[in-house]
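Down below is the structure, laid out as structure tokens.
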Amino acid sequence: MLGRLIRRVANLEAAIAESTAQRRELHNQLVELRGNIRVFSRVKPHPASALTLGGDGASVRLFAEGKDQGFTFDRVFGPQSTQAEVFQEVSELVQSALDGFKVCLFSYGQTGAGKTHTMQGSKGPDAQGIIPRAILKILDEVERLKEQGWVYELEASFIEVYNETFKDLLADGKGRDAGKITDQNAVKHGVAGGHTQVAGATTVRITTTDAAAALVRKAAQARACEATAMNAVSSRSHSVFMLNITGRHAASATTLRGALNLVDLAGSERLNRSQAEGQRQKEACSINKSLSSLGDVFAALASKSAHVPYRNSKLTHLLQPCLGGSGKTLMFVNVNPEAPSLQETLCSLRFAAKVNSCETAARGGAKRHVERAGCEAPSSSAATAQVTLHSIPSLSKHASLAGLYM
Ligand code: ADP
Ligand code: MG
């Protein structure tokens, strides 16, 4: 009786493991079909919009420089789109990070166009942006996967890139230099089996949503926000929420190492419009440099150039594992549809079109970061492994175990 029950439980566990593996595989096929570098545009609400949205949900038109111009992206979110709808479209990439991929989401656009609204959002369940929603989804999934024997570790950092220098937004202390990271070689790839870290930056283990919320709040307070002629709270720096995800499955001795980077870029407006002077001018130059480096990286990827200039800016170097063919990238191009912003909007849409042209070049190349130790499965899970093996007779022992959890 007991023996039969144990066998039945083992069979059921094996079936779950098999469907989890199939789910991962199908999920990845879906994401790859859509391309590993994708571009979405989001249009901010405005009573007198100078933009026309296409009925296909993927195009936008504007009249600028004496002619009618159209742009098509993977998706265009109109002014009525909610934070929940936006997250729905990106949640599959959050899933990919849990499955062991290096994932990066950017919000790009001129100051005031809605970058921080999209990434961070504001208080209240409806107003929350991608960062809090992603954390919530990941914690939910981690809880669910526990039942299947997966143990996940989530380690977060919050980094700012300002004037080509990293700053730890989770560092204690106040003042200009708090959290400043002076080490020029602070970016470390391949740490702890395949994660990226900024040496000297605080890392926080995330186990609850409350802890995550406290971390995000602390980082928001620390962000360097200074006034320019454009917007009193203009952000003159890039912020990167980095989440390193490690999933371990003892029964199959499998380890997944994914990452989710959520990047709120500095304003993309050109120098003259923000009337920057002195220190502001230096900031504006380094912002332009890192944003144009980002554009150069995408251009090199699109043309399949042998050399991709990741090292030309701190931001692209940090995000290198996500940007190349082996990672997954999504860029939100936020635009302000009011008439005075048309020229900036045109620049943003052109930048987006350049990124969009990489889609085909990078398609199909993403790599999941999986490691399989040669160690024996613990005895308590041996029955699961055994039954699983019988359920896929065509595969070798090693391959079948690996296939189940990838
Ligand atoms: P950025 O970070 O690009 O400078 P913000 O995200 O701070 O811009 O947006 C500027 C203002 O516009 C904020 O008050 C924000 O709440 C509002 N806003 C931006 N996008 C939207 C949107 N899609 N729906 C409603 N309000 C928005
Ligand atoms: Mg902002």
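The values are calculated or read from the model by the stated rules, or taken from the named source; none is laboratory data. Remember, it's a predicted structure, so these values are computed and weren't measured experimentally. FYI the Cβ positions are ideal-geometry reconstructions off the backbone, even for glycines, and counts take in every protein chain you see. With ligands, DNA and RNA removed, areas are computed over all heavy atoms of the protein, side chains included. Shrake-Rupley method; radii C 1.70, N 1.55, O 1.52, S 1.80 Å.
Name the single residue that is modelled with the lowest pLDDT among those in segment 1-27 being of a type in the set (S, T, N, Q) and either farther than 20 Å from ASP99 by Cβ or open to solvent by less than 20 Å² (accessible area, probe 1.4 Å) (or both).
Of everything passing the filter in segment 1-27, THR20 is modelled with the lowest pLDDT.
Being over 29 Å from ALA212 (Cα atoms) and more than 16 Å from ligand 2 (Cβ to nearest atom) is the requirement here; does PRO125 meet it?
no
May I ask you to list pairs of residues, at least six apart or on different chains, whose Cβ atoms are under 9 Å apart, with the first in segment 102-118 being over 15 Å from ALA352 (Cα atoms) and more than 13 Å from ligand 2 (Cβ to nearest atom) and the second being modelled with pLDDT of 95 or more and in a loop (DSSP other than H, G, I, E, B)?
Filtered contacts from segment 102-118: LYS102/LEU319; CYS104/LEU319.
Given segment 40-116, what strands (runs of 3 or more DSSP E) lie entirely inside it while holding 2 or more residues that are open to solvent by 30 Å² or more (accessible area, probe 1.4 Å) and over 30 Å from TRP150 (Cα atoms)?
51-53, 59-64, 67-72
Can you tell me how many residues within segment 117-141 are under 30 Å from GLU371 (Cα atoms), open to solvent by less than 10 Å² (accessible area, probe 1.4 Å) and within 16 Å of ligand 1 (Cβ to nearest atom)?
2
Just a yes or no: is a residue in segment 224-231 among the β-branched types (Val, Ile, Thr) and either at pLDDT 70 or above or within 23 Å of the chain's Cα centre (by Cα) (or both)?
No, the conditions are met nowhere in segment 224-231.
Filter segment 356-370 down to the residues that are among the hydrophobic types (A, V, I, L, M, F, W, C) and at pLDDT 65 or above, then identify the one that is nearest to THR255 (Cα to Cα).
Looking at residues that are among the hydrophobic types (A, V, I, L, M, F, W, C) and at pLDDT 65 or above, I get VAL370.
Filter segment 232-250 for residues that are buried (at least 22 other Cβ atoms within 10 Å of the Cβ) and at pLDDT 90 or above and give the result.
HIS238, SER239, VAL240, PHE241, MET242, LEU243, ASN244, ILE245, GLY247, HIS249 - these are the residues of segment 232-250 that are buried (at least 22 other Cβ atoms within 10 Å of the Cβ) and at pLDDT 90 or above.
Would you please name the residue that is surrounded by the most Cβ atoms within 10 Å (Cβ to Cβ), looking only at residues in segment 297-322 that are at pLDDT below 90 and under 20 Å from the mean Cα position of the chain (by Cα)?
Within segment 297-322, the match that is surrounded by the most Cβ atoms within 10 Å (Cβ to Cβ) is PHE298.
Considering only segment 191-223, state which residues are open to solvent by 60 Å² or more (accessible area, probe 1.4 Å) and more than 20 Å from GLU143 (Cβ to Cβ).
ALA192, GLY200, THR203, ARG217, LYS218, GLN221, listed by residue number.
Which one of the conditions (1) surrounded by 22 or more Cβ atoms within 10 Å (Cβ to Cβ); (2) more than 16 Å from ligand 2 (Cβ to nearest atom) does ARG144 fail to meet, given that it meets all the rest?
ARG144 satisfies every listed condition except (1).
So which of ASP168, ASP74, ASP68 ends up being away from ligand 2 (no atom under 16 Å from the Cβ) and under 17 Å from ALA266 (Cα atoms)?
Every option except ASP168 fails the conditions.
Cβ contacts < 6 Å: first residue over 13 Å from LEU319 (Cβ atoms), restricted to segment 292-304; second residue assigned to a loop (DSSP other than H, G, I, E, B) and open to solvent by 30 Å² or more (accessible area, probe 1.4 Å), any location; separation 6+ or different chain. Result?
Once the first residue is over 13 Å from LEU319 (Cβ atoms) and sits in segment 292-304, its partners that are assigned to a loop (DSSP other than H, G, I, E, B) and open to solvent by 30 Å² or more (accessible area, probe 1.4 Å) give ALA302/SER357.
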